[in-house]
Amino acid sequence: MPWETAEAVGRLGRALATPLKRGVNERNAMQDRQQQPLGDTPPEDFRKQLHELADWIADFREHIEGLRVAPNDKPGAIRHQLPKRAPEEGEPFERILGDVDQIIVPGMVHWSHPMFLGYFGWTSTAPGILGEILTAPLNVNAMTWRTCPAATELETVVVGWLRQWVGLSDEFDGVVYDTASVGIMHALAVAREEAAPATRKLGLTDRNLPRLRIYTSDQAHSSAEKAAIALGLGEENVIRIACDAQFRIDVNSLGQKIAADRQNGLQPMAVIATVGTTSTASIDPVRDIGNLCRQAKIWLHIDAAYGGGFAMVPEYEWIRKGWELADSIVINPHKTVFVPLDFSVLYVRDLERLRHVFSLVPEYLRGDTVDAEKNYMDYGIQLGRRFRALKAWVIWRSLGRVGVVARLSEQIRLANLLADWIKKNDRFELSAQPRRRLFSVCWPCSRHR
Ligand SMILES: Cc1ncc(COP(=O)(O)O)c(C=O)c1O
């Protein structure tokens, strides 16, 4: 056979063999699939696992008191008990749950433990857990109204409930984010746009703009600097103002610093007042700060991440003084209003200002955004959004305003009781005096360490 003919026959043979080989491979793969179904867990198995998990959760809650609050482990202790390689084959749920018992639970700090007294009070409750569990099977993306009308509308409802509860005027409307740090960043992005119009479009560089300044107290949370870093404002442009003996910002010093900066050609952009500082729960004189901001035409953001929830307690309504002068307020129900982490609400006076900075509808979502009252993707940098409103709705319906207020009042009673004990015990020092009895303590003090 001439060489060309042999070559042609070989080519024909390979061309015929390829689909045959593909057919065999596909048949093998199909047989594999029949042995190992590609779908989800069969319904009956899933039901069994759910029952097991329900028992696991109930047992965990019932016996949590018997666990150590925090492990004694050294860094890496958990990691070293786990395989280095990612799993090649699937494993049964029972084995995974066994490792949760053996490795994960003993390696945890149990924030829900009754003896956990670190950081802030925590938000684990049975209704909160039920709300989280309910959210899991729904697993929707609340980016536009059309991608899940119920998630979008429920978010508007719970944001409205919290606004009513803390006595905020309905000039404010809000959006749910994961954390207050993200909320403050969005609030300051709007402040930046108003201080330096068209920043959204053109950015900050090559525009001959003055340095934009943010002012807050030396007790305020570090999320102010984080926001300045993210927004390209520079952390050194967050100016920390000294506080008085009760850890509240000194408004005179604030006014003087703003005036001095103006004289030096800098541009005051925003003031952050805190209602419930991280270290001592002190409350800035918000109304005085608000009046100063109004006169100076500066954005006022109130960081009520911690203290905001306490505005629901009738004897503490005074902490809302001056909120009417704010441009934005952040409140963390995951700190004090019993919603499990994460759930933070940013309120903005005229929410359209926020939408103006962040709304951007790509071609592939254009059809989704028509006819909607609100598409929450327009109010921040996140596109995909969890259905966070559901857990808030479940817990707030379960407790009601009365139940929330009763629990917050009890927390205040206990804190005051502790303060009284500390005052009577000379081994301890009360580092922040209770101010109208809303406060926190740090101890042991430096004298007794
Ligand atoms: C006063 C205050 N603001 C903001 C934050 C930041 O909160 P998040 O963890 O939700 O970002 C905290 C956290 O402790 C805080 O205490």
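The values are calculated or read from the model by the stated rules, or taken from the named source; none is laboratory data. Nothing here was measured: the structure is a model prediction, and the numbers come from that model. Cβ placement follows ideal geometry from the backbone for every residue including glycine, while neighbour counts extend to all protein chains displayed. For the accessible areas, the whole protein counts, side chains as well, though only heavy atoms, and no ligand, DNA or RNA atoms are used. Shrake-Rupley method; radii C 1.70, N 1.55, O 1.52, S 1.80 Å.
For this structure, a couple of remarks:
- Of the accessible area of the chain, computed with a 1.4 Å probe over protein heavy atoms only, carbon and sulfur atoms account for 54 percent.
- Selected from TYR306, TYR379, TYR364 as most flexible by GNM, with the chain as the system and alpha-carbon contacts under 10 Å: TYR364
- Using just its DSSP H runs of length 4 or more, each adding -39500 (n - 2.57), the chain gives a mean residue ellipticity at 222 nm of -14000 deg cm²/dmol after division by all residues.
- Note on region 292-358: Cα convex hull, mean projected area over all directions, 5.4 nm².
- Counting only lysines at least 8 places from LYS74 when in the same chain, those with an alpha carbon closer than 20 Å to its own are LYS84.
- A viscosity of 1.306 mPa s and a temperature of 10 °C, combined with the Kirkwood radius over C-alpha pairs in the Stokes-Einstein formula, give region 41-194 a diffusion coefficient of 80 µm²/s.
- For region 287-293, the Karplus equation 6.51 cos²θ - 1.76 cosθ + 1.60, evaluated at θ = phi - 60°, returns couplings of 5, 4, 5, x, 5, 4, 5 Hz by residue, with Gly and Pro reported as x.
- Long-range HN-HN contacts of ILE239 with modeled amide H, under 5 Å: ILE214, TYR215, THR216
- In this Cβ point-charge picture (+1 for Lys and Arg, -1 for Asp and Glu), region 41-130 has a dipole of about 480 debye about its Cα centre.
- Solvent-accessible area per residue for region 269-323 (1.4 angstrom probe, square angstrom): 30 Å²
- Simple Cβ-charge dipole of region 328-401, Lys/Arg +1 and Asp/Glu -1, about Cα centre, in debye nearest 20: 460 debye
- ALA58 paired with LYS74, simple spin-label distance in nm, labels 7 Å along Cα-to-beta-carbon: 4.2 nm
- Protection proxy ranking, peptides 402-412, 324-334, average beta carbon neighbours within 10 Å, highest first: 324-334, 402-412
- Anisotropy class of region 80-137 from Cα gyration tensor, a/c 1.5 cut: oblate
- Dipole of region 43-182 computed with +1 at Lys/Arg Cβ and -1 at Asp/Glu Cβ about the Cα centre; of LEU168, VAL158, VAL69, farthest Cα towards the positive end is VAL69.
- Remark on the chain: Rg and Dmax equal 28.3, 110 Å (Cα only).
- Counted charge near GLU193, where neighbours are those whose Cβ lies closer than 15 Å (Asp, Glu -1; Lys, Arg +1): +3
- Compactness of region 120-235, expressed as Rg and Dmax over alpha-carbon positions, Å: 18.3, 55
- When both region 180-197 and region 352-421 are represented by their alpha-carbon centers, they are found 18 Å apart.
- Dipole moment magnitude, nearest 20 debye, region 268-395 about Cα centre, only Lys, Arg, Asp, Glu C-beta charged: 120 debye
- Other residues with beta-carbon under 15 Å from the beta-carbon of ILE78 carry, at +1 per Lys or Arg and -1 per Asp or Glu, a net charge of +1.
- The distance between label points at LYS423 and GLU88 comes to 6.8 nm (points 7 Å beyond Cα on the Cα→Cβ vector).
- For region 242-359, averaging the sequence separation of C-alpha pairs within contact (under 8 Å, six or more residues apart) and dividing by the residue count gives a relative contact order of 19 percent.
- Under 26 Å from the Cα of LYS201 - lysines, other chains or at least 8 residues apart: LYS226, LYS297, LYS374
- Cα gyration tensor, region 253-322 - rounded (a/c under 1.5), prolate or oblate: prolate
- Protein heavy-atom accessible surface, 1.4 Å probe, per residue over region 94-148: 59 Å².
- When each of the peptides 46-55, 144-153 is scored by the mean number of other C-beta atoms lying within 10 Å of its residues, the order from highest to lowest reads 144-153, 46-55.
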